[in-house]
1. Within the range 21-39, how many residues turn out to be in a helix (DSSP H, G or I) and over 16 Å from the mean Cα position of the chain (by Cα)?
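The values are calculated or read from the model by the stated rules, or taken from the named source; none is laboratory data. No experiment lies behind these values; they were computed from the predicted model shown.
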Amino acid sequence: MGSWAGNLIKLARLEQGLSQREVARRAHTSQATISAYEAGEKSPSLDTLTRIVRALGLDLRIQLAPADSHDEWLALYERSLPGSVVERSRRIDRELVQQARSEKVVTDRAPG
């Protein structure tokens, strides 16, 4: 099972089109270590995570913000709806994500 840090490393690596070996070379670590982070077998310190992300040509930015109860409110609202409505909404969401992936909207046209 992956960790949030490992998932972040993998996402950044894939977005940059790099192999684990190349990330490891740039971050002055081993491919096995990058693999262990991505697999959730090890967790990098914040300093190590920052070094890896910088090696990918990205910045790691952490921001404190007020807690958002969006997920709890959405779950509560969904429980008030008929199951068919919830399933239809989730199906539409999956289709939109699939369409975005097929058009590479997520990686090619994302602002930033």
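1. Residues meeting the conditions: 11.
Yes/no per residue for (1) modelled with pLDDT of 90 or more; (2) of a type in the set (A, V, I, L, M, F, W, C); (3) within 21 Å of the chain's Cα centre (by Cα); (4) not in a loop (DSSP other than H, G, I, E, B):
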position: ILE62; (1), (2), (3), (4): yes, yes, yes, no
position: ALA65; (1), (2), (3), (4): no, yes, yes, no
position: ASP68; (1), (2), (3), (4): no, no, yes, no
position: ALA75; (1), (2), (3), (4): no, yes, no, yes
position: GLN98; (1), (2), (3), (4): no, no, yes, yes
